[in-house]
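The values are calculated or read from the model by the stated rules, or taken from the named source; none is laboratory data. Computed from a predicted structure; not experimentally measured. Here the Cβ positions follow ideal geometry from the backbone for every residue, glycine too, while neighbour counts run over all protein chains shown. SASA here: full protein model, heavy atoms, side chains in, ligands and nucleic acids out. Shrake-Rupley method; radii C 1.70, N 1.55, O 1.52, S 1.80 Å.
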Amino acid sequence: KMPKKKTEEGKHSLLAPSSSERWLHCTPSALLEVQFPENTSSAADEGTAAHAWCEYKLKKALHKRSKKPVTGYDSDEMQQCSDDYVSYVIEQLEVCKLTCKDPVVLVEQRLDITSFIPGGFGTADCIIVAEDTMHIIDFKYGLGVWVNAENNTQMMCYSLGALNHFANLYDIKYVTMHIVQPRRENVQSWKVTVEELLEWGNSYLKPRAKMALNGEGEFHCGSWCHFCRAKVKCRARAEEKLKLAEYEFKKPPLLADNEIEDVLKI
């Protein structure tokens with residue numbers, strides 16, 4: 001997934017939630033990527049600007065002080081997308097108010113995930129806590145990759161960090177994760193129990209994070225390779241592509257008509 005902004009998560013966290021799909025599937029890739037420089041792009045910078053507008057507009061809508069962003073990227077589309085995001089958050093907040101008198105809303109909340117990921121932290125775009133349910137809402141400005149809410153490892157990492165943040169304050173039983181991707185007209189939500197989330201965190205996330213930190217495990221190729229900095233020189237990826245090419249060009253078991261004619265001429 002395209003990083004939303006140049007935060008400490010991107011600069012210092014080896015096992016960033018934003019790249020968790022990659023290092024969870026391909027645990028040795030985390031250390032392999034360290035050998036390659038972080039590349040920025042206009043798409044990433046554009047995403048950073050869009051998130052800045054989202055933060056500013058949402059805080060204004062919640063009557064919180066916020067400084068208007070000054071960026072080198074702006075467009076009617078960006079303004080519309082950030083408006084759509086804010087509208088969605090406010091809509092979810094109003095729904096929460098039907099069953100909760102005073103929901104808690106946090107914008108751009110830093111989260112500590114170190115109990116599951118060594119050195120792990122991140123920043124959630126928006127968190128709403130209403131009675132026994134916590135909502136994690138994430139804005140995606142990217143156009144190229146369709147983002148799913150269900151089993152989204154970045155959102156699950158954020159949710160674990162948010163649970164840690166609110167553990168002693170609220171009796172949270174459910175977590176609903178929301179993806180808002182306006183440029184793809186993609187709005188999704190996925191609800192899990194806290195027990196299910198903690199089970200995933202303890203039995204899968206924690207041991208896989210330990211493996212990734214130690215460079216252990218097998219290289220495994222998939223859609224998560226797309227943003228890997230090591231993909232150009234990755235042997236496992238090259239071999240996988242070679243296997244695919246061999247399969248695609250494998251000769252069929254039966255001769256084609258033109259091949260039969262060539263054989264008969266001999």
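Counting 0.36 nm for each residue step from Ser42 to Leu143 and taking away their Cα separation leaves a gain of 35.1 nm.
Anisotropy class assigned to the stretch 1-159 is oblate, per the alpha carbon gyration tensor with a/c at or over the 1.5 cut-off and a/b no larger than b/c. For the chain, a simple Cβ point-charge model (Lys and Arg +1, Asp and Glu -1, everything else neutral) yields a dipole of about 820 debye relative to the Cα centre. Between Leu62 and Glu199, the C-beta separation translates, for a Förster distance of 25 Å, into a calculated FRET efficiency of about 0.15. Each Cα pair under 8 Å and six or more residues apart adds its separation to the average, and for the chain the resulting relative contact order is 24 percent.
Suppose R0 equals 30 Å; then what is the FRET efficiency for Glu218 and Arg183 from their Cβ-Cβ distance, rounded to the nearest 0.05? Write out the running numbers ahead of the final one.
On the way: r = 35 Å, r/R0 = 1.17.
With R0 = 30 Å, the Cβ-Cβ based efficiency is 0.30.
Take each peptide in 182-190, 35-43, count the other Cβ atoms within 10 Å of every residue, and average; sorted highest first, the result is 182-190, 35-43. Taking 0.36 nm per residue of separation and subtracting the Cα-Cα distance, full extension of the segment from Asp132 to Val34 would add 31.3 nm. In this label model, Arg235 and Thr114 are separated by 3.6 nm, measuring between points 7 Å along each Cα→Cβ vector. Its Cα gyration tensor gives the chain an equivalent ellipsoid; the semi-axes, largest first and in whole Å, are 40, 23, 19. With Cα atoms defining each centre, the stretch 90-122 and the stretch 180-201 are spaced 13 Å apart in the structure. Computed per residue of the chain from DSSP H runs no shorter than four, each worth -39500 (n - 2.57), the mean residue ellipticity at 222 nm is -12500 deg cm²/dmol.
For the set Phe166, Phe227, the ranking by accessible area, highest first and with no ligand, DNA or RNA atoms included, is Phe227, Phe166 under a 1.4 Å probe.
Can you give the accessible area per residue of the chain, in Å², using a 1.4 Å probe?
On the way: 15370 Å² over 266 residues.
The answer is 58 Å² per residue.
Share of antiparallel DSSP beta bridges in the chain, in percent to the nearest 5? Please report the intermediate quantities before stating the final value.
On the way: 21 of 28 bridges.
Counting only bridges with both partners in the chain, antiparallel ones make up about 75 percent.
Taking label positions 7 Å along the Cα-Cβ direction at both Asn151 and Lys173, the computed distance is 2.7 nm, reported to one decimal.
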